[in-house]
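Scroll down for the structure; my scribbles are underneath it.
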Amino acid sequence: MKRRVAILISGRGSNMAALIKAASAPDFPAEISLVVSNKADALGLERAKAAGVKTEVIESKPFGKDRAGFEAVLQAALDQHGIELICLGGFMRLFTAEFTKAWYGRMLNIHPSLLPSFPGLDPHGQALRAGVKLSGATVHFVIPETDAGPIVMQGAVPVSDHDTAETLSERIIEVEHRIYPAALSLLASGKVKIEGDVCKTTGSEASENFLIAPVVN
Ligand code: GAR
């Protein structure tokens, strides 16, 4: 049986689209059963509908600081659709610790940096200001702390001296679209397990590839 997944979005939903596309393969171990947006004008909603995925809008703004109130409505929608796993895809609203604990081990997030470096806002700008030569993206389990939690998968890209936050984000988003479906597939097929603060993957090996930057010709 395919695991039933909800994707939570706030914006354009390009990671959502990558997950929907991957999940359309017959042998993918999860199906995208629901997309929830906390913003009525999120571009991703139209993309989800066009792909034939059920959507719900649960506006978070009217709840103000009442996070638990918002989460109660969200949880009801998740229950109604029999959701087993959650993927956050650019979902720009913080959860209560209670909600993250209730979904611990079943809720993934993607962040455009090699965590634990550069959590929070403007990760691309943070990476450029730090002068790192490699950056990337991270899929991790959600815990109460923002952009932290056991790491399921990471992908790295080189950073060039000429990069702006925009060009770096364009490079990293390609990696995001590769690793998010791959990480969801591992979770849905029961291949990842959390040991303390660390996530381990059945049958995994270290890749022999190096990524070195800068390269000077
Ligand atoms: C993605 O780059 C994702 O990694 C980031 O928001 C973007 C959403 O784009 N998430 C975070 O920064 C979480 N802290 P998308 O709507 O096109 O998937």
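Running Debye on segment 1-156 with equal point scatterers at the Cα sites and no solvent, what base-10 log of I(q)/I(0) appears at q = 0.17, 0.19 Å⁻¹?
Relative scattering, expressed as log10 I(q)/I(0), comes to -1.04, -1.27.
Apply the Debye scattering formula to segment 116-157, with a single equal point scatterer on each alpha-carbon and no solvent, then give log10 I(q)/I(0) at q = 0.25 Å⁻¹.
Taking Cα atoms of segment 116-157 as identical point scatterers yields -0.92.
Size of the dipole of segment 1-60 about the Cα centre, Lys and Arg at +1 and Asp and Glu at -1 on the beta carbon, nothing else charged, in debye to 20?
Computed about the Cα centre, the dipole is about 120 debye.
HN-Hα J couplings of segment 128-136 from phi, Karplus 6.51/-1.76/1.60, θ = phi - 60°, integer Hz, Gly and Pro as x?
Whole-Hz 3J(HN,Hα) from phi for segment 128-136: 5, 5, 7, x, 5, 9, 10, 9, x.
With label points built 7 Å along Cα→Cβ from the Cα atoms of Lys193 and Lys65, find their separation and express it in nm.
My value for the distance between the label points is 4.3 nm.
Report, in listed order, any pair from Lys54/Lys101; Lys2/Lys191; Lys21/Lys61; Lys39/Lys101 with a Cα-Cα distance greater than 18 Å.
Exceeds cut-off: Lys54/Lys101; Lys21/Lys61; Lys39/Lys101.
For the chain, what is the mean residue ellipticity at 222 nm derived from helices alone (per DSSP H run of n ≥ 4: -39500 (n - 2.57); sum divided by total residues; nearest 500 deg cm²/dmol)?
-10000 deg cm²/dmol
Give the residues of segment 146-189 whose amide nitrogen is closer than 17 Å to a point set 7 Å from the Cα of Lys200 in the direction of its Cβ.
Answer for segment 146-189: 150-153, 187.
Work out the charge dipole of the chain with +1 on the Cβ of Lys and Arg and -1 on the Cβ of Asp and Glu about the Cα centre, then indicate which of Gln126, Ala40, Ala72 is farthest towards its positive end.
Final value for the positive-end residue is Ala72.
Report for the chain the percent antiparallel among DSSP-assigned beta bridges with both residues inside it, nearest 5.
Beta bridges within the chain, antiparallel portion: roughly 45 percent.
Calculate how steeply helix 67-80 sits against the longest principal axis of the alpha-carbon atoms of the chain, using the helix alpha-carbon long axis, and give the answer as 0 to 90 degrees to the nearest 10.
Tilt of helix 67-80: around 70 degrees.
Taking 0.36 nm per intervening residue step and subtracting the Cα-Cα distance, what contour gain separates Ala51 from Leu134 on full extension?
26.5 nm
Suppose every K and R has +1 on its Cβ and every D and E has -1 on its Cβ; what is the size of the dipole of segment 1-105 about the Cα centre, in Debye to the nearest 20?
In debye, rounded to 20, segment 1-105 gives about 220.
Angle, helix 14-23 long axis vs. longest principal axis of the chain, Cα atoms, 0 to 90°, nearest 10?
Taking Cα atoms only, the helix is inclined about 80 degrees.
Only the coordinates and a few stated rules stand behind these numbers; no lab work does. As the structure is a computational prediction, the values presented were derived from the model and not from experiment. As a convention, Cβ positions derive from the backbone with ideal geometry for all residues, glycine included, and neighbour counts pool all protein chains shown.
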